[in-house]
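**Q** One structure is given below, represented as structure tokens, and several questions about it will come after.
The values are calculated or read from the model by the stated rules, or taken from the named source; none is laboratory data. These figures come from a predicted structure and were not determined experimentally. Using ideal geometry, Cβ is built from the backbone for each residue, glycine included, and neighbour counts are taken over all protein chains shown.
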Amino acid sequence: MKNFYISTLFVCLIAGTALAQQPSTPSKNPNAITKTRILQVDSAVVTKHSVSIKGKVVPYTATAGSMPIWDEDGRPVAGVFYTYYERDDISDRSTRPLVISFNGGPGTPSVWMEIGYTGPRRLNTDNEGYPVQPYGMEDNPNSILDVADIVYIDPVNTGYSRIVNKETPGSKFFGVNEDIKYLAEWINTFVTRKNRWASPKFLIGESYGTTRASGLALELQNAQWMYLNGVILVSPTDLGIERSGPVQAALKLPYFAATAWYHGMLSPEYQQKDLTAFLPEVENFTINELIPAMARGGFIDDAQKKDMAAKMAKYSGISVDVILGNNLDVSYDLFWKELLRVKGYTVGRLDSRYKGIDRQAYGGSPDYNAELVAWLHEFTPAMNIYLRNELNYKTDLKYNMFGDVWPWDDKNDHTGENLRQAIAQNPYLHLLIQSGYYDGACDYFNAKYSLWQLDPSGRLKDRLKWEGYKSGHMLYLRKEDLATATENLRKFIQESVPKPGTPAKY
């Protein structure tokens, strides 16, 4: 990778008595960002690079910086950190797609998809995504920068983003709808400053970022008059779409089956099949038999209950006794603890390929998330190295991998309906959902269920698509799936941009 730092460092400190930072004049000192633990609300460091993507060299400019969130009087109350990648050899940026990227939590920055999935540089891992030393970065030959410019946004209190006005309460930012509102305003500022109003625009969110992206699709239309071409949901939450009782209990089974298959805990009848050939049988059983049976609750016939438990056991790798002891409703926590108990392991929550070791074999849940400690192990040093050494953004601020965003107001989450309205109102808008089969936090079958329930009319389904991958929550960590998933993104982006002159109408 060629990496040329350029002397385009500017730091604009915005005056105001409520702000913690001073002075208010632009700094010409290259150490102005470095030697401080106070966020410079309006700052940017620009560097030049190139990367080989799909065998072709792509030159690009990277901007790492912060832009403000204002209060009603126009005073900055917070700074939102971002990294922005623009391909250089583009003559007409009005036709160049812009991808706006978020991760989740809530409370995590956009580091995961930036240096794991779509960005031009990727952290060092083995082929399955496990940590390796030495820590560091490598080129990402699967980056989508060849077809779209990308901005990665860290919400307030994540990454380097911070509240800078001590009088501003966290409640202005920390809630489902508060988060959506201020980020829509920030996106407006970013698009205006970067002169990207003419560009086709896409939102991509992962985990809680899918809640954020779904709500933003409508908020951008209604409050900022900004219309999108696509929304991409990676490992989506339930988006406020109602599921409870028998439905909620039963929908877990296909994920259990995928995990049991991966660890070789099923009979040869199923283990000899490919995962994607095996799962439809489990999905059909879940919808057509298990949900109706569980709907009977305590009045289910004993023989039917035992029959359901036996079928669940053969699909999940969990014993009939455990399933009956939990009245057919085995929790995620118990599954992670129980599946490999006789072998001395637990399985991971966000990615069930990962194994952990607990103090005691018996219990209701694992002692820790085996996959999460592995990810923090690799992503934290890689991102800190990357920002300082390659993007030249040097600060004494701590990069928050998990920021304090609590309490979080999760009431009135209607983001699934918000997304439906946005798609219905905008004939250009398309949806792609990507799920990992081994994700137990936002499992793949619940993602399918959300897709099915999103539009009861069925009139929008030609613009709704789901893709599955043999990985977990961060489906891109496995390099084989990274190549497939990014190719799916390229195709989705290219197909969601209409031909010139195509009207947005039904």
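**Q** Pull out all pairs, ordered by first then second residue, where Cβ-Cβ is under 8 Å, the residues are six or more apart or on different chains, the first lies in the range 475-486 and is free of Cβ contacts under 8 Å to residues at least 60 places away in the same chain, and the second is surrounded by 24 or more Cβ atoms within 10 Å (Cβ to Cβ) and part of a helix (DSSP H, G or I).
**A** No pair meets every condition.
**Q** Inspect the range 447-454 for any residue being under 14 Å from the mean Cα position of the chain (by Cα) and buried (at least 23 other Cβ atoms within 10 Å of the Cβ) and give the result as yes or no.
**A** Within the range 447-454 (the criterion being under 14 Å from the mean Cα position of the chain (by Cα) and buried (at least 23 other Cβ atoms within 10 Å of the Cβ)), the answer is yes, since at least one residue qualifies.
**Q** Which ones in the range 87-135 are of a type in the set (A, V, I, L, M), touching a Ser or Thr at 6+ places or on another chain (Cβ under 8 Å) and assigned to a loop (DSSP other than H, G, I, E, B)?
**A** Across the range 87-135, the qualifying residue is only V132.
**Q** I've got another one for you. Name the residues in the range 265-286 that are within 20 Å of F335 (Cβ to Cβ) and either touching a residue at least 60 places away in the same chain (Cβ under 8 Å) or surrounded by 12 or more Cβ atoms within 10 Å (Cβ to Cβ) (or both), would you?
**A** Across the range 265-286, the qualifying residues are M265, L266, Y270, Q271, L275, F278, L279, E281, V282, E283, F285, T286.
**Q** Mind telling me which of the residues K306, K337 ends up being of a type in the set (K, R), out of contact with any helix residue (DSSP H, G or I) (no Cβ under 9 Å at 6 or more places or on another chain), modelled with pLDDT of 95 or more and assigned to a helix (DSSP H, G or I)?
**A** K337
**Q** Further question: Hey, among the residues in the range 161-211 that are basic (K, R) and not in a helix (DSSP H, G or I), which one's nearest to the chain's Cα centre (by Cα)?
**A** K201
**Q** Now a separate question. Tell me the residue from E417, E371 that is at pLDDT below 95, surrounded by 14 or more Cβ atoms within 10 Å (Cβ to Cβ) and either not in a loop (DSSP other than H, G, I, E, B) or not small (G, A, S) (or both), please.
**A** Answer to the check: E371.
**Q** Sticking with this one: Give the residues of the range 350-397 that are of a type in the set (D, E, K, R) and touching a residue at least 60 places away in the same chain (Cβ under 8 Å), sorted by residue number.
**A** Once the filter is applied, which keeps residues that are of a type in the set (D, E, K, R) and touching a residue at least 60 places away in the same chain (Cβ under 8 Å), the range 350-397 yields D351, R353, E371, E378, E390, K394, D396.
**Q** From P407, P381, which residue is closer than 22 Å to P109 by Cα, modelled with pLDDT under 95, in the same structural domain as T486 (by TED's automatic domain parsing) and not in a strand (DSSP E or B)?
**A** Testing whether each residue is closer than 22 Å to P109 by Cα, modelled with pLDDT under 95, in the same structural domain as T486 (by TED's automatic domain parsing) and not in a strand (DSSP E or B) leaves just P381.
**Q** Still on this structure, please answer the following. As an exercise: evaluate A213 against (1) over 17 Å from L464 (Cβ atoms); (2) among the small types (G, A, S); (3) in contact (Cβ under 8 Å) with a residue 12 or more places away in the chain and give the number of the one condition it does not meet.
**A** (1)
**Q** Go through N157, N142, N177 for me and flag whichever is of a type outside the set (V, I, T), surrounded by 19 or more Cβ atoms within 10 Å (Cβ to Cβ) and either touching a Cys at 6+ places or on another chain (Cβ under 8 Å) or under 22 Å from G215 (Cα atoms) (or both).
**A** Result of the check over N157, N142, N177: N157.
**Q** From (1) under 17 Å from N392 (Cα atoms); (2) under 23 Å from the mean Cα position of the chain (by Cα), pick out the condition that doesn't hold for Y60.
**A** (2)
**Q** All but one of (1) assigned to a strand (DSSP E or B); (2) surrounded by 24 or more Cβ atoms within 10 Å (Cβ to Cβ) hold for L477; which doesn't?
**A** In the conditions (1) assigned to a strand (DSSP E or B); (2) surrounded by 24 or more Cβ atoms within 10 Å (Cβ to Cβ), L477 misses (1) alone.
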